[in-house]
Structure formats: C-alpha cells, structure tokens
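Trainee: I'd like to ask you about the structure that follows.
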Amino acid sequence: MSQASEGSVWYFAFGSMVNIVGLKRRGLIPYESQPAFIHGYRLAFQLGGMANLVPDAAATCHGVLHHVTADMFKPEHMAQQQQEHPEWHSSLPSDRYIRIITAGLQHHGVDPAWVQHVAQQQCVPSKAPQQYLKFPEPELQDGEVLREFTAEQLAQYIGKMTDNKVVTACGHKVLEIDVSPAPNAPHVVYLRDFMAGHELSFGTCRNLYEPRLPPLEVPSDLRQEHVDWAEDFVAEWMNKTRFKARVIGRLLGPLGTAAAPLPQP
C-alpha cells in the first residue's frame, strides 16, 4: 500500500462502490485500488437492501480499498447520514445491486470465496422487460389531442411545485406528479428541486447503474431500453412513495431531450 498523500484518504468500499463504473458515475476516480478486508464487521443488507457493516467480533468483510482525494470522499458526510437513520432494518438487496458488487469485486481481484459468498446472497430478482411498469397513456375523447411540450416549455417547470404537483418527463412522456398523498415525504424536496422540469431517464440510468443496459455517458446515448428501464424504476418509486403520476403530454425531440444529471438522493 502506498502512503496516502496530503489531502487524500483511503476509503474501504464493500457495496456498489467497489465497482469502477459506479465510482466513475459519482465522479470518483481513485489514484489506486486494491483488495482489502476488515475484521470485526460483517456484511449486512439493510435500509432498502443497501450494503452496510455491522459490528461482529467473529466476522470478516472483504472489499476494495480506494485511494481518493478528500474532496471526493468526506467521512463526516457518511457519519451524518448514519445519524439520520438510527434504526437499520434488514431487507433483501436487488439482483442488480448484487451483480454490480460482484463484478467490482472480481475486477479488483478480491478473494473468489468472498465473491461467491456475495453472489449467493438472497435477493430480489430483476424484472424481464415485459414485466416493466408503464405510465398509461390517457384515453382521449374524439377530437382531443395530447399536449406537446418542447424542451423549453418543460424547463418552465424547473424547481416549481404548484398545488402539490410537479411536472417532469420520462422518455417522451410528460408527467404530472401529485404528492398530495404524502406531502411531507422526505423525497418531496428532491422531486421539486432536481426532477421537476427535466427528463428523468438519463439521470436515473446514470445514478442507478444497470450493467445489462447499453453504455450511457451523455444524453445522446439514451436508447429505448434505458427509457423503459427508467420508467419502470420511476413508476415503482411512485408506488412506494404513494405519489400519483399521470401522463399529460408528449415531449418533442430525440431521446435525451431536456435530460439532466440527477444528484444522489
């Protein structure tokens, strides 16, 4: 292990951050990375199936040690997040999440026995495309037409919430999202500040890396597979938050129009 230079830290990753693609999409480019393990902790999947370390004197957890700048990783932010969630409940990880972790572990040469251990974790299976949720198109009466939005018209809704409603888009579908059923939900501010007035497929697929999808670096890389996967994710999220969404229009232009990166919620 090289000596960390001033202004840098060694970060032990054990979840999705072991994956180099996931790191890159968060703006983290390590100076170097190497296999590592930590005694006295066991790997657990909690708080929505996310990886966490739980104290256990008899356990060992393997992962990847990344050498990064202090600006890339700020430990105090992680401590603050944990303090905001004092109760941690076990829950199954997704198949996608497990695949991301195991691919990263293999890439960095972590002990194969540990890779197999992670790969064999019970998880929620990924959906086949024909199982994806869709936002239904409205049933139009004779003579009615679905409103068309340009990127500039959609942008008029950026950062706005009116009567507990925000307007956003997923692919070519323009959505009105009603948060009235859960107006105090923690994600309402995120929805208004970062999702309103934008197309969501690009940001969703960039944040939530799915290795089975085609590579995605810029909005022009968007394909229908990305949009379909993102629409399913957003629809599932709506169900969990109890927000209500309906299609109110069609976004004009090629896929990727009005797309914007979404920060991690």
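The values are calculated or read from the model by the stated rules, or taken from the named source; none is laboratory data. The structure presented is a predicted model; accordingly, all values stated were derived computationally and were not measured. Cβ placement follows ideal geometry from the backbone for every residue including glycine, while neighbour counts extend to all protein chains displayed. We work out accessible area using only protein heavy atoms, side chains counted, and drop any ligands, DNA or RNA first. Shrake-Rupley method; radii C 1.70, N 1.55, O 1.52, S 1.80 Å.
Trainee: Is it the case that some residue within segment 200-210 is acidic (Asp, Glu) and within 20 Å of Met161 (Cβ to Cβ)? Give the steps one after another, and end with the answer.
Mentor: Step one: filter segment 200-210 for residues acidic (Asp, Glu), giving 210.
Remaining after also requiring within 20 Å of Met161 (Cβ to Cβ): none.
No, every residue in segment 200-210 fails to be acidic (Asp, Glu) and within 20 Å of Met161 (Cβ to Cβ).
Trainee: Being of a type outside the set (Ser, Thr, Tyr) and either open to solvent by less than 60 Å² (accessible area, probe 1.4 Å) or out of contact with any strand residue (DSSP E or B) (no Cβ under 9 Å at 6 or more places or on another chain) (or both) is the filter here; which residues of segment 165-178 pass it?
Mentor: Result: Val166, Val167, Ala169, Cys170, Gly171, His172, Lys173, Val174, Leu175, Glu176, Ile177, Asp178.
Trainee: Also: Where the second residue is assigned to a loop (DSSP other than H, G, I, E, B) and the first is surrounded by 10 or more Cβ atoms within 10 Å (Cβ to Cβ) and lies in segment 125-149, which pairs have Cβ atoms under 6 Å and are six or more apart or on separate chains?
Mentor: Listed by first residue and then by second, the contacts come to Glu148/Leu252.
Trainee: Condition first: of a type outside the set (D, E, K, R), in contact with a strand residue (DSSP E or B) (Cβ under 7 Å, 6 or more places away or on another chain), surrounded by fewer than 16 Cβ atoms within 10 Å (Cβ to Cβ) and more than 19 Å from Arg42 (Cα to Cα). Can you find one or more residues in segment 108-119 that meet it?
Mentor: Checked against the condition, which is being of a type outside the set (D, E, K, R), in contact with a strand residue (DSSP E or B) (Cβ under 7 Å, 6 or more places away or on another chain), surrounded by fewer than 16 Cβ atoms within 10 Å (Cβ to Cβ) and more than 19 Å from Arg42 (Cα to Cα), segment 108-119 yields at least one hit.
Rundown of residues vs (1) in contact (Cβ under 8 Å) with a residue 24 or more places away in the chain; (2) in contact with a helix residue (DSSP H, G or I) (Cβ under 9 Å, 6 or more places away or on another chain); (3) hydrophobic (A, V, I, L, M, F, W, C), yes/no style:
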{"position": "Glu176", "(1), (2), (3)": "yes, no, no"}
{"position": "Pro183", "(1), (2), (3)": "no, no, no"}
{"position": "Met195", "(1), (2), (3)": "yes, yes, yes"}
{"position": "Tyr209", "(1), (2), (3)": "yes, yes, no"}
{"position": "Pro219", "(1), (2), (3)": "yes, yes, no"}
{"position": "Arg223", "(1), (2), (3)": "yes, no, no"}
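Trainee: Identify, please: which residue in segment 179-199 is more than 16 Å from Lys244 (Cα to Cα) and part of a loop (DSSP other than H, G, I, E, B) and is, among those, least open to solvent (accessible area, probe 1.4 Å)?
Mentor: If we take residues in segment 179-199 being more than 16 Å from Lys244 (Cα to Cα) and part of a loop (DSSP other than H, G, I, E, B), then Gly197 is least open to solvent (accessible area, probe 1.4 Å).
Trainee: Here's something else I'd like to know. Tell me, please, whether a residue that is closer than 30 Å to Val218 by Cα, touching a His at 6+ places or on another chain (Cβ under 6 Å) and not in a helix (DSSP H, G or I) can be found in segment 32-45.
Mentor: yes
Trainee: Given segment 63-178, what helices (runs of 4 or more DSSP H) lie entirely inside it while holding 3 or more residues that are over 23 Å from the mean Cα position of the chain (by Cα) and modelled with pLDDT under 95?
Mentor: Because the criterion is at least 3 residues that are over 23 Å from the mean Cα position of the chain (by Cα) and modelled with pLDDT under 95, no helices (runs of 4 or more DSSP H) in segment 63-178 meet it.
Trainee: Kindly establish whether Ile248 is open to solvent by 10 Å² or more (accessible area, probe 1.4 Å), outside any loop (DSSP other than H, G, I, E, B), more than 27 Å from Met17 (Cβ to Cβ) and β-branched (Val, Ile, Thr).
Mentor: Criteria met by Ile248.
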